[in-house]
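The values are calculated or read from the model by the stated rules, or taken from the named source; none is laboratory data. This one's a predicted model, so the numbers in the text were calculated from it and none came from an experiment. We place every Cβ from the backbone using ideal geometry, glycine too, and count neighbours over all the protein chains shown. Ligands, DNA and RNA are excluded from the accessible area calculation, which covers all protein heavy atoms including side chains. Shrake-Rupley method; radii C 1.70, N 1.55, O 1.52, S 1.80 Å.
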Amino acid sequence: MRKSAAIIFAFIISQFQAQQGAYYQQAAKYKMDIDVNAEKFTYQGKQTLEYTNNSPDELNVVYFHLYWNAFKPNSMMDQRVASQGKNGDGRLQKDGVSRLASIPKDQEGAQNIHWIKQNGKDLKFEVQETIMKVYLAEPIKPNSTTTFTMDWDSVIPQQIRRSGRNNREGVDMTMTQWYPKIAEYDYDGWATFDYLGREFHAPFSDFDVTIKINKDYVVGAGGILENPTEVKGYDANAKIKTDKDKKAAWRWTAKNILDFAWSADRDYSVESFNVPEGPKVYLVYQKNDKTKAWGESQPYITKYFQIMNAHFGKYVYPTYAFIQGGDGGMEYGMCTMILGEAKNVKDLMGLMAHEGSHSWYQQMLATNESVRPWMDEGFTSYAEGYTMYQLFPEDLPNPFVERLDAYRNFTKKESKNRLFG
Ligand SMILES: [Zn+2]
(Lines give C-alpha, C1' and ligand atoms only; values in the text may rest on other atoms or scores of the structure.)
Protein backbone atom coordinates (compact mmCIF):
# COMPACT_ATOMS: atom_id res chain seq x y z
CA MET A 1 0.00 0.00 0.00
CA ARG A 2 1.30 3.48 -0.87
CA LYS A 3 1.79 5.94 2.00
CA SER A 4 -0.98 8.38 0.99
CA ALA A 5 -3.44 5.52 0.60
CA ALA A 6 -2.43 4.20 4.03
CA ILE A 7 -3.08 7.62 5.62
CA ILE A 8 -6.51 7.86 3.98
CA PHE A 9 -7.30 4.34 5.09
CA ALA A 10 -6.23 5.08 8.68
CA PHE A 11 -8.41 8.23 8.62
CA ILE A 12 -11.45 6.27 7.45
CA ILE A 13 -10.93 3.65 10.18
CA SER A 14 -10.61 6.31 12.89
CA GLN A 15 -13.80 8.06 11.64
CA PHE A 16 -15.61 4.74 11.67
CA GLN A 17 -14.46 4.06 15.24
CA ALA A 18 -15.46 7.57 16.31
CA GLN A 19 -18.96 7.05 14.92
CA GLN A 20 -19.28 3.63 16.54
CA GLY A 21 -17.96 4.90 19.87
CA ALA A 22 -16.44 2.77 22.58
CA TYR A 23 -17.79 -0.75 22.91
CA TYR A 24 -20.45 -1.25 25.57
CA GLN A 25 -22.99 -3.79 26.74
CA GLN A 26 -26.28 -3.08 28.49
CA ALA A 27 -26.90 -5.05 31.69
CA ALA A 28 -30.05 -6.42 33.29
CA LYS A 29 -30.83 -8.06 36.63
CA TYR A 30 -34.17 -9.83 36.92
CA LYS A 31 -35.89 -10.93 40.10
CA MET A 32 -39.12 -12.76 39.37
CA ASP A 33 -41.80 -14.43 41.48
CA ILE A 34 -43.97 -16.81 39.50
CA ASP A 35 -47.11 -18.52 40.78
CA VAL A 36 -48.28 -21.29 38.46
CA ASN A 37 -51.85 -22.57 38.22
CA ALA A 38 -51.06 -25.99 36.75
CA GLU A 39 -54.73 -26.96 36.22
CA LYS A 40 -55.49 -23.85 34.17
CA PHE A 41 -52.06 -23.51 32.53
CA THR A 42 -51.73 -19.91 33.66
CA TYR A 43 -49.34 -18.07 35.93
CA GLN A 44 -49.11 -14.77 37.80
CA GLY A 45 -45.80 -12.95 37.53
CA LYS A 46 -44.00 -10.21 39.44
CA GLN A 47 -40.77 -8.79 38.12
CA THR A 48 -38.18 -6.39 39.47
CA LEU A 49 -35.67 -5.44 36.80
CA GLU A 50 -32.55 -3.39 37.43
CA TYR A 51 -31.47 -2.09 34.06
CA THR A 52 -28.09 -0.43 33.54
CA ASN A 53 -27.55 1.82 30.56
CA ASN A 54 -23.88 1.53 29.62
CA SER A 55 -24.45 3.20 26.25
CA PRO A 56 -23.47 6.84 25.59
CA ASP A 57 -27.15 7.61 24.83
CA GLU A 58 -29.91 8.94 27.08
CA LEU A 59 -32.89 6.56 26.86
CA ASN A 60 -36.45 7.95 26.97
CA VAL A 61 -38.26 4.74 26.12
CA VAL A 62 -37.55 1.03 26.61
CA TYR A 63 -39.01 -2.00 24.85
CA PHE A 64 -39.96 -5.44 26.10
CA HIS A 65 -40.63 -8.66 24.22
CA LEU A 66 -43.95 -10.40 24.95
CA TYR A 67 -43.31 -13.47 22.84
CA TRP A 68 -46.36 -15.51 23.80
CA ASN A 69 -48.73 -12.96 22.26
CA ALA A 70 -47.70 -14.54 18.93
CA PHE A 71 -49.58 -17.75 19.72
CA LYS A 72 -52.96 -16.52 18.47
CA PRO A 73 -54.92 -16.81 15.23
CA ASN A 74 -53.99 -14.09 12.74
CA SER A 75 -50.82 -13.07 14.59
CA MET A 76 -47.79 -12.15 12.50
CA MET A 77 -46.40 -15.62 13.20
CA ASP A 78 -49.66 -17.18 11.98
CA GLN A 79 -49.59 -15.06 8.82
CA ARG A 80 -46.00 -16.03 8.15
CA VAL A 81 -46.77 -19.73 8.49
CA ALA A 82 -49.86 -19.34 6.27
CA SER A 83 -47.81 -17.55 3.60
CA GLN A 84 -45.40 -20.49 3.41
CA GLY A 85 -48.15 -22.86 2.30
CA LYS A 86 -47.27 -26.51 2.09
CA ASN A 87 -43.53 -25.84 1.96
CA GLY A 88 -43.41 -24.40 5.49
CA ASP A 89 -42.27 -25.91 8.78
CA GLY A 90 -44.40 -29.04 9.28
CA ARG A 91 -44.25 -28.58 13.05
CA LEU A 92 -46.21 -25.32 12.74
CA GLN A 93 -48.74 -26.77 10.31
CA LYS A 94 -51.32 -29.49 10.00
CA ASP A 95 -52.09 -30.58 6.44
CA GLY A 96 -50.42 -27.44 5.12
CA VAL A 97 -52.55 -25.10 7.29
CA SER A 98 -51.12 -23.07 10.18
CA ARG A 99 -51.88 -24.73 13.52
CA LEU A 100 -52.20 -21.23 15.03
CA ALA A 101 -55.31 -20.57 12.93
CA SER A 102 -57.32 -23.15 14.86
CA ILE A 103 -55.87 -22.76 18.35
CA PRO A 104 -58.77 -22.89 20.87
CA LYS A 105 -59.55 -19.54 22.50
CA ASP A 106 -58.68 -20.77 26.00
CA GLN A 107 -55.31 -22.09 24.76
CA GLU A 108 -54.13 -18.93 23.01
CA GLY A 109 -50.90 -17.62 24.46
CA ALA A 110 -51.12 -14.35 26.35
CA GLN A 111 -48.93 -11.98 28.31
CA ASN A 112 -51.15 -9.39 29.97
CA ILE A 113 -49.23 -6.56 31.58
CA HIS A 114 -51.16 -5.12 34.54
CA TRP A 115 -48.79 -2.27 35.29
CA ILE A 116 -45.14 -1.24 35.05
CA LYS A 117 -43.34 1.32 37.20
CA GLN A 118 -39.95 3.00 37.05
CA ASN A 119 -38.42 3.77 40.45
CA GLY A 120 -41.96 3.53 41.88
CA LYS A 121 -43.64 5.80 39.29
CA ASP A 122 -46.40 4.44 37.03
CA LEU A 123 -45.47 4.31 33.37
CA LYS A 124 -47.48 4.54 30.17
CA PHE A 125 -47.02 1.65 27.77
CA GLU A 126 -48.32 0.38 24.44
CA VAL A 127 -48.45 -3.25 23.33
CA GLN A 128 -48.28 -4.16 19.68
CA GLU A 129 -48.57 -7.94 19.64
CA THR A 130 -45.14 -9.20 20.80
CA ILE A 131 -43.51 -5.82 21.50
CA MET A 132 -44.27 -3.46 24.39
CA LYS A 133 -43.09 0.14 24.21
CA VAL A 134 -42.71 1.84 27.59
CA TYR A 135 -42.52 5.64 28.00
CA LEU A 136 -40.17 6.48 30.87
CA ALA A 137 -40.99 8.88 33.71
CA GLU A 138 -37.35 9.96 33.78
CA PRO A 139 -34.69 9.35 31.14
CA ILE A 140 -32.02 6.73 31.86
CA LYS A 141 -28.76 8.63 31.62
CA PRO A 142 -25.56 7.01 30.33
CA ASN A 143 -23.85 4.85 32.98
CA SER A 144 -26.84 4.83 35.30
CA THR A 145 -29.22 2.18 36.60
CA THR A 146 -32.99 2.33 36.86
CA THR A 147 -35.43 -0.11 38.49
CA PHE A 148 -38.60 -1.34 36.83
CA THR A 149 -41.30 -3.25 38.66
CA MET A 150 -44.06 -5.04 36.81
CA ASP A 151 -47.09 -7.26 37.45
CA TRP A 152 -48.49 -9.49 34.74
CA ASP A 153 -50.32 -12.73 34.06
CA SER A 154 -49.82 -15.26 31.32
CA VAL A 155 -51.72 -18.03 29.59
CA ILE A 156 -49.38 -20.87 28.62
CA PRO A 157 -50.27 -21.51 24.96
CA GLN A 158 -51.08 -24.80 23.35
CA GLN A 159 -47.71 -26.07 22.22
CA ILE A 160 -47.13 -24.92 18.65
CA ARG A 161 -43.38 -24.55 18.47
CA ARG A 162 -40.77 -24.50 21.25
CA SER A 163 -43.01 -23.06 24.00
CA GLY A 164 -46.24 -24.25 25.46
CA ARG A 165 -48.34 -26.90 27.15
CA ASN A 166 -48.93 -30.59 26.46
CA ASN A 167 -46.70 -31.23 23.48
CA ARG A 168 -46.79 -34.51 21.58
CA GLU A 169 -44.16 -36.12 23.85
CA GLY A 170 -46.39 -35.33 26.82
CA VAL A 171 -44.28 -32.68 28.56
CA ASP A 172 -46.72 -30.57 30.58
CA MET A 173 -45.07 -27.13 30.33
CA THR A 174 -42.17 -25.96 28.18
CA MET A 175 -41.51 -22.46 29.46
CA THR A 176 -39.35 -20.66 26.92
CA GLN A 177 -39.58 -16.99 25.90
CA TRP A 178 -42.04 -16.98 28.76
CA TYR A 179 -41.54 -13.66 30.62
CA PRO A 180 -41.53 -9.98 29.62
CA LYS A 181 -37.92 -9.58 28.50
CA ILE A 182 -36.23 -6.23 27.93
CA ALA A 183 -35.02 -5.81 24.37
CA GLU A 184 -31.34 -5.37 23.53
CA TYR A 185 -30.06 -1.84 22.91
CA ASP A 186 -26.76 -1.59 21.06
CA TYR A 187 -25.07 0.31 18.23
CA ASP A 188 -27.99 -0.69 15.98
CA GLY A 189 -30.49 0.90 18.43
CA TRP A 190 -33.35 -1.11 19.98
CA ALA A 191 -33.68 -4.66 18.68
CA THR A 192 -37.48 -4.70 18.48
CA PHE A 193 -38.04 -7.73 16.28
CA ASP A 194 -41.60 -9.02 16.22
CA TYR A 195 -41.66 -12.68 17.17
CA LEU A 196 -42.22 -14.89 14.16
CA GLY A 197 -40.86 -18.08 15.70
CA ARG A 198 -37.24 -17.43 14.88
CA GLU A 199 -34.09 -16.34 16.64
CA PHE A 200 -33.43 -14.06 19.62
CA HIS A 201 -31.27 -11.19 20.86
CA ALA A 202 -31.00 -9.89 24.43
CA PRO A 203 -28.66 -8.20 26.92
CA PHE A 204 -26.58 -10.35 29.27
CA SER A 205 -28.62 -10.67 32.44
CA ASP A 206 -28.62 -12.09 35.96
CA PHE A 207 -31.69 -14.01 37.11
CA ASP A 208 -33.18 -14.84 40.49
CA VAL A 209 -36.44 -16.66 39.80
CA THR A 210 -38.82 -18.29 42.28
CA ILE A 211 -41.40 -20.60 40.72
CA LYS A 212 -44.33 -21.81 42.82
CA ILE A 213 -45.98 -24.91 41.36
CA ASN A 214 -47.92 -27.97 42.63
CA LYS A 215 -45.53 -30.15 44.61
CA ASP A 216 -45.80 -33.18 42.28
CA TYR A 217 -44.05 -31.31 39.44
CA VAL A 218 -40.32 -31.55 38.70
CA VAL A 219 -38.78 -28.41 37.20
CA GLY A 220 -35.83 -28.40 34.81
CA ALA A 221 -34.06 -25.11 34.06
CA GLY A 222 -30.89 -23.42 32.87
CA GLY A 223 -29.34 -22.15 36.10
CA ILE A 224 -28.44 -23.13 39.64
CA LEU A 225 -31.16 -24.69 41.79
CA GLU A 226 -30.72 -23.00 45.18
CA ASN A 227 -33.00 -25.27 47.24
CA PRO A 228 -32.73 -28.89 45.99
CA THR A 229 -33.61 -30.28 49.43
CA GLU A 230 -37.05 -28.61 49.41
CA VAL A 231 -38.33 -29.80 46.02
CA LYS A 232 -38.91 -33.03 44.09
CA GLY A 233 -36.34 -34.88 41.98
CA TYR A 234 -32.90 -33.40 42.74
CA ASP A 235 -31.96 -34.75 46.16
CA ALA A 236 -32.70 -38.27 47.41
CA ASN A 237 -33.11 -36.93 50.97
CA ALA A 238 -35.28 -33.96 50.02
CA LYS A 239 -38.14 -32.98 52.31
CA ILE A 240 -40.58 -31.27 49.97
CA LYS A 241 -41.67 -28.00 51.53
CA THR A 242 -45.15 -26.82 50.56
CA ASP A 243 -47.35 -23.82 51.22
CA LYS A 244 -51.09 -23.81 52.05
CA ASP A 245 -51.91 -24.48 48.37
CA LYS A 246 -49.65 -27.59 48.31
CA LYS A 247 -47.21 -25.81 46.07
CA ALA A 248 -43.43 -26.05 46.31
CA ALA A 249 -41.26 -23.00 45.61
CA TRP A 250 -38.28 -23.58 43.28
CA ARG A 251 -35.55 -20.93 43.47
CA TRP A 252 -33.22 -20.70 40.46
CA THR A 253 -30.37 -18.27 39.88
CA ALA A 254 -28.14 -17.64 36.87
CA LYS A 255 -25.50 -15.06 36.09
CA ASN A 256 -24.64 -13.41 32.81
CA ILE A 257 -26.89 -15.35 30.46
CA LEU A 258 -29.17 -14.09 27.69
CA ASP A 259 -32.34 -15.93 28.56
CA PHE A 260 -33.75 -17.98 31.42
CA ALA A 261 -35.82 -21.01 30.36
CA TRP A 262 -37.50 -23.79 32.35
CA SER A 263 -39.95 -26.61 32.00
CA ALA A 264 -42.17 -28.62 34.34
CA ASP A 265 -43.56 -32.13 34.23
CA ARG A 266 -44.86 -34.64 36.75
CA ASP A 267 -43.01 -37.55 35.08
CA TYR A 268 -39.52 -36.08 34.80
CA SER A 269 -36.49 -37.91 36.20
CA VAL A 270 -33.30 -36.01 36.95
CA GLU A 271 -29.77 -37.37 36.55
CA SER A 272 -26.59 -35.39 37.05
CA PHE A 273 -22.85 -35.89 36.71
CA ASN A 274 -19.71 -33.78 36.65
CA VAL A 275 -17.54 -33.29 33.61
CA PRO A 276 -13.93 -33.03 34.91
CA GLU A 277 -13.18 -29.26 35.02
CA GLY A 278 -16.89 -28.57 34.44
CA PRO A 279 -19.69 -28.14 33.89
CA LYS A 280 -22.04 -30.17 36.08
CA VAL A 281 -24.52 -31.67 33.62
CA TYR A 282 -28.20 -32.37 34.30
CA LEU A 283 -30.42 -34.68 32.27
CA VAL A 284 -34.09 -33.95 32.83
CA TYR A 285 -36.41 -36.29 30.95
CA GLN A 286 -39.24 -38.82 31.11
CA LYS A 287 -37.70 -42.28 31.47
CA ASN A 288 -39.39 -44.76 29.14
CA ASP A 289 -38.67 -47.12 26.22
CA LYS A 290 -38.42 -44.25 23.73
CA THR A 291 -35.85 -42.31 25.77
CA LYS A 292 -33.45 -45.19 26.54
CA ALA A 293 -30.61 -43.45 24.69
CA TRP A 294 -30.48 -40.78 27.44
CA GLY A 295 -29.27 -43.48 29.84
CA GLU A 296 -26.32 -44.26 27.56
CA SER A 297 -25.39 -40.63 26.84
CA GLN A 298 -23.25 -39.71 29.88
CA PRO A 299 -19.78 -40.83 28.62
CA TYR A 300 -20.42 -39.16 25.26
CA ILE A 301 -21.59 -35.90 26.87
CA THR A 302 -18.50 -35.88 29.10
CA LYS A 303 -16.20 -36.34 26.11
CA TYR A 304 -18.19 -33.75 24.14
CA PHE A 305 -17.62 -31.04 26.78
CA GLN A 306 -13.94 -32.01 27.10
CA ILE A 307 -13.43 -31.61 23.34
CA MET A 308 -15.30 -28.31 23.28
CA ASN A 309 -13.43 -26.94 26.33
CA ALA A 310 -10.07 -27.92 24.80
CA HIS A 311 -10.67 -26.71 21.23
CA PHE A 312 -13.32 -23.97 21.35
CA GLY A 313 -12.63 -22.24 24.71
CA LYS A 314 -13.81 -23.17 28.17
CA TYR A 315 -17.54 -23.24 28.87
CA VAL A 316 -17.92 -20.41 31.40
CA TYR A 317 -21.03 -21.43 33.33
CA PRO A 318 -21.11 -23.92 36.24
CA THR A 319 -23.99 -26.09 34.97
CA TYR A 320 -25.70 -27.20 31.78
CA ALA A 321 -29.04 -29.00 31.50
CA PHE A 322 -30.32 -31.14 28.65
CA ILE A 323 -34.08 -30.99 29.12
CA GLN A 324 -36.74 -32.95 27.28
CA GLY A 325 -38.83 -30.07 25.95
CA GLY A 326 -40.65 -32.39 23.59
CA ASP A 327 -40.31 -30.34 20.40
CA GLY A 328 -37.28 -30.13 18.10
CA GLY A 329 -34.28 -28.51 19.73
CA MET A 330 -33.61 -24.96 20.87
CA GLU A 331 -30.82 -23.38 22.84
CA TYR A 332 -31.20 -21.17 25.93
CA GLY A 333 -28.94 -19.97 28.72
CA MET A 334 -27.23 -22.95 30.45
CA CYS A 335 -29.75 -25.38 28.97
CA THR A 336 -31.45 -26.69 25.89
CA MET A 337 -34.92 -28.05 25.26
CA ILE A 338 -34.76 -31.06 22.95
CA LEU A 339 -36.87 -33.97 21.78
CA GLY A 340 -36.75 -36.87 24.23
CA GLU A 341 -37.40 -39.69 21.81
CA ALA A 342 -34.34 -40.92 19.94
CA LYS A 343 -33.56 -43.96 17.77
CA ASN A 344 -30.16 -44.44 19.33
CA VAL A 345 -27.48 -42.64 21.34
CA LYS A 346 -25.76 -41.33 18.19
CA ASP A 347 -28.93 -39.55 17.04
CA LEU A 348 -29.48 -38.15 20.52
CA MET A 349 -25.84 -37.00 20.76
CA GLY A 350 -26.13 -35.27 17.36
CA LEU A 351 -28.93 -33.12 18.77
CA MET A 352 -27.12 -32.61 22.09
CA ALA A 353 -23.84 -31.67 20.37
CA HIS A 354 -25.66 -29.18 18.16
CA GLU A 355 -27.71 -27.47 20.87
CA GLY A 356 -24.85 -27.68 23.39
CA SER A 357 -22.50 -25.94 20.95
CA HIS A 358 -24.87 -22.98 20.77
CA SER A 359 -23.61 -22.18 24.30
CA TRP A 360 -20.38 -21.02 22.70
CA TYR A 361 -21.94 -18.94 19.91
CA GLN A 362 -25.51 -17.92 20.77
CA GLN A 363 -24.73 -17.54 24.50
CA MET A 364 -21.07 -16.65 25.07
CA LEU A 365 -20.33 -14.66 21.90
CA ALA A 366 -23.97 -13.56 21.66
CA THR A 367 -24.08 -12.01 18.23
CA ASN A 368 -27.45 -10.70 17.08
CA GLU A 369 -28.90 -13.89 15.65
CA SER A 370 -32.09 -12.12 14.58
CA VAL A 371 -30.01 -10.26 12.01
CA ARG A 372 -27.13 -12.67 11.36
CA PRO A 373 -28.32 -16.19 12.20
CA TRP A 374 -25.47 -17.72 10.21
CA MET A 375 -22.92 -16.41 12.74
CA ASP A 376 -24.54 -18.63 15.35
CA GLU A 377 -25.88 -21.58 13.32
CA GLY A 378 -22.82 -21.75 11.07
CA PHE A 379 -20.20 -22.01 13.80
CA THR A 380 -22.48 -24.22 15.89
CA SER A 381 -22.90 -26.67 13.01
CA TYR A 382 -19.13 -26.67 12.53
CA ALA A 383 -18.59 -27.54 16.22
CA GLU A 384 -21.29 -30.21 16.02
CA GLY A 385 -19.55 -31.85 13.03
CA TYR A 386 -16.13 -31.54 14.66
CA THR A 387 -17.20 -33.17 17.94
CA MET A 388 -19.47 -35.85 16.45
CA TYR A 389 -16.65 -37.02 14.18
CA GLN A 390 -14.57 -37.73 17.28
CA LEU A 391 -17.38 -39.23 19.34
CA PHE A 392 -18.49 -41.57 16.56
CA PRO A 393 -15.50 -42.00 14.22
CA GLU A 394 -16.60 -42.73 10.68
CA ASP A 395 -14.75 -43.51 7.49
CA LEU A 396 -15.26 -40.05 5.98
CA PRO A 397 -12.67 -37.91 4.18
CA ASN A 398 -13.28 -35.12 6.72
CA PRO A 399 -15.73 -34.33 9.58
CA PHE A 400 -17.75 -31.89 7.50
CA VAL A 401 -18.79 -33.95 4.48
CA GLU A 402 -22.38 -34.32 5.67
CA ARG A 403 -22.59 -30.63 6.56
CA LEU A 404 -21.29 -29.60 3.15
CA ASP A 405 -23.95 -31.80 1.54
CA ALA A 406 -26.58 -30.24 3.80
CA TYR A 407 -25.35 -26.78 2.77
CA ARG A 408 -25.58 -27.64 -0.93
CA ASN A 409 -29.18 -28.82 -0.46
CA PHE A 410 -29.97 -25.79 1.70
CA THR A 411 -28.89 -23.34 -1.00
CA LYS A 412 -31.23 -25.02 -3.49
CA LYS A 413 -34.29 -24.26 -1.31
CA GLU A 414 -36.37 -21.12 -1.63
CA SER A 415 -35.12 -18.64 0.97
CA LYS A 416 -38.49 -18.26 2.74
CA ASN A 417 -38.50 -21.93 3.63
CA ARG A 418 -35.12 -22.02 5.27
CA LEU A 419 -35.19 -22.98 8.90
CA PHE A 420 -33.03 -22.14 11.86
CA GLY A 421 -33.08 -23.89 15.19
ZN1 LIG B 1 -29.01 -24.53 15.87
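Here are a few things to note about the model shown:
- Loop-resident sites, segment 268-361, for trypsin sites (Lys or Arg not before Pro), counting at most 10 other Cβ within 10 Å (DSSP): K343
- Taking the Cα centre of the chain as origin and assigning +1 to Lys and Arg Cβ atoms and -1 to Asp and Glu Cβ atoms, the resulting dipole is close to 220 debye.
- Links that overshoot a 23 Å alpha carbon limit, given the list K117/K141; K121/K141; K292/K413; K29/K117; K31/K117: K292/K413
- Based on protein heavy atoms only, the chain ends up with 46 Å² per residue of surface accessible to a 1.4 Å probe.
- Pairwise Cα inverse-distance average, inverted: Kirkwood Rh of the chain (Å): 22.8
- For segment 83-95, Karplus couplings with θ = phi - 60° (6.51, -1.76, 1.60), whole Hz, Gly/Pro x: 5, 7, x, 6, 8, x, 5, x, 6, 9, 10, 10, 6
- For segment 370-378, the Karplus equation 6.51 cos²θ - 1.76 cosθ + 1.60, evaluated at θ = phi - 60°, returns couplings of 5, 9, 10, x, 5, 4, 8, 5, x Hz by residue, with Gly and Pro reported as x.
- Gaussian network model of the chain, Cα within-10 Å springs - most flexible of Q25, Q111, Q158: Q25
- The listed residues E126, E184 rank as E126, E184 when sorted by accessible area, largest first, using a 1.4 Å probe.
- Per-residue SASA entry for H358, accessible area with 1.4 Å probe, Å² rounded to 10: 0
- Kirkwood hydrodynamic radius over Cα pairs of segment 320-369, then Stokes diffusion coefficient at 10 °C and 1.306 mPa s, in µm²/s: 144
- Given the chain, longest segment not containing exposed loop chymotrypsin sites (Phe, Trp or Tyr not before Pro) (DSSP; at most 15 other Cβ within 10 Å): 188-419
- Candidates per trypsin sites (Lys or Arg not before Pro) in segment 20-56, loop by DSSP, up to 13 other Cβ within 10 Å: K40
- Heavy-atom accessible surface of segment 48-152: percent carbon and sulfur, 1.4 Å: 46
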